[in-house]
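The values are calculated or read from the model by the stated rules, or taken from the named source; none is laboratory data. All values reported here derive from a predicted model rather than from experimental measurement. Cβ placement follows ideal geometry from the backbone for every residue including glycine, while neighbour counts extend to all protein chains displayed.
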Amino acid sequence: MTVTIAKLIWLAGCIGWWAIRFPHERRSRKTRIAVRTQKLRERILLAISFSGLFIVPLIYAITNQPKFASYPLQPVLIYFGAALFAATLYLFYIVHRDLGRSWSVTLELRDQHSLITHGVYRYVRHPMYSAFWLWAIAQALLLPNWIAGFSGIVGFGTLYFCRVGNEERMMEEAFGAQYRDYEARTKRIIPGIY
């Protein structure tokens, strides 16, 4: 294993994510938005997350910068990172399939939005966030650079912790007791734990 292979695995994961997301994004544009909250705040949080999960590691993948933050490659971490990224892509696929027309990039509800409680949503309320956490961890394992590797955890973590509470309040306002019951029987992102 080489750093170049690790970088290519990370890039392949990013391309795989885009290939999964693209058709759902196109389809979601055709479904009218019924409720949208905090548009500017959402864009800022998405930009922070995107920077950590893609921009910073891409700069590292292309330029090897910042060199001072690099550390020796551990091949076993590359294997774990590759396996974790593959699992992440599978989870992304399942989540998008289960959400259907209720999927959205930002904090919004679509026309005829329904509360999804089947599929992977039986186990956690926010499996999309679970998948992004797995991506961030896979990135940290794949890229032997303290800044580029861990920027995904920082970038996505910022989005997650600033958004999840607002998202749950929005869902509770939209679905009332149905969402509260769902919330009582599921965890946020790790089945049975958190």
Subject >> Condition broken by Thr2, with the remaining ones in (1) more than 26 Å from Ile189 (Cα to Cα); (2) among the β-branched types (Val, Ile, Thr); (3) surrounded by 14 or more Cβ atoms within 10 Å (Cβ to Cβ) satisfied >> reply: (3)
Original post:
Got at least one residue in the stretch 108-120 being aliphatic (A, V, I, L, M), at negative phi and assigned to a helix (DSSP H, G or I)?
Top reply: yes
**OP:** Could you please give the count of residues in the stretch 97-113 that are farther than 16 Å from Phe22 by Cβ, within 16 Å of the chain's Cα centre (by Cα) and in contact (Cβ under 8 Å) with a residue 60 or more places away in the chain?
**Re:** 2
**OP:** Confirm whether Val56 is in contact with a helix residue (DSSP H, G or I) (Cβ under 6 Å, 6 or more places away or on another chain), β-branched (Val, Ile, Thr) and at pLDDT 95 or above.
**Re:** yes
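How about the stretch 45-63: which of its residues are without any contact (Cβ under 8 Å) to a residue 60 or more places away in the chain and farther than 17 Å from Val154 by Cβ?
Ile62, Thr63
Within the bounds of the stretch 87-97, is there any residue that is farther than 17 Å from Trp133 by Cβ and modelled with pLDDT under 95?
Yes, the stretch 87-97 has at least one match.
Hey, any hits in the stretch 184-191 for a residue that's modelled with pLDDT of 95 or more and buried (at least 19 other Cβ atoms within 10 Å of the Cβ)?
So far as the stretch 184-191 goes, yes, one or more of its residues are modelled with pLDDT of 95 or more and buried (at least 19 other Cβ atoms within 10 Å of the Cβ).
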**OP:** Report yes if Ile94 is touching a residue at least 24 places away in the same chain (Cβ under 8 Å), within 24 Å of Asp181 (Cβ to Cβ) and touching a Gly at 6+ places or on another chain (Cβ under 8 Å), otherwise no.
**Re:** yes
Original post:
So Ile20 clears everything in (1) closer than 21 Å to Gly157 by Cα; (2) under 16 Å from the mean Cα position of the chain (by Cα) except one condition, right? Which one?
Top reply: (1)
Subject >> Selection count where residues are among the aliphatic types (A, V, I, L, M), in a helix (DSSP H, G or I) and under 23 Å from Phe68 (Cα atoms), scope the stretch 123-167 >> reply: 10
Original post:
What number of residues within the stretch 155-182 satisfy the criterion of being more than 18 Å from Leu115 (Cα to Cα) and exposed (fewer than 15 other Cβ atoms within 10 Å of the Cβ)?
Top reply: 1
**OP:** Identify all residues within the stretch 77-96 that are of a type outside the set (A, V, I, L, M, F, W, C) and either more than 12 Å from Gly16 (Cα to Cα) or crowded, with 19+ Cβ neighbours inside 10 Å (or both); write none if there are none.
**Re:** Tyr79, Gly81, Thr88, His96
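Table: residues versus (1) at pLDDT below 95; (2) part of a helix (DSSP H, G or I); (3) within 30 Å of Leu109 (Cβ to Cβ); (4) in contact with an Asp or Glu (Cβ under 9 Å, 6 or more places away or on another chain).
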site	(1), (2), (3), (4)
Leu11	no, yes, no, no
Trp17	no, yes, yes, no
Phe22	yes, yes, yes, no
Val76	no, yes, no, no
Tyr79	no, yes, no, no
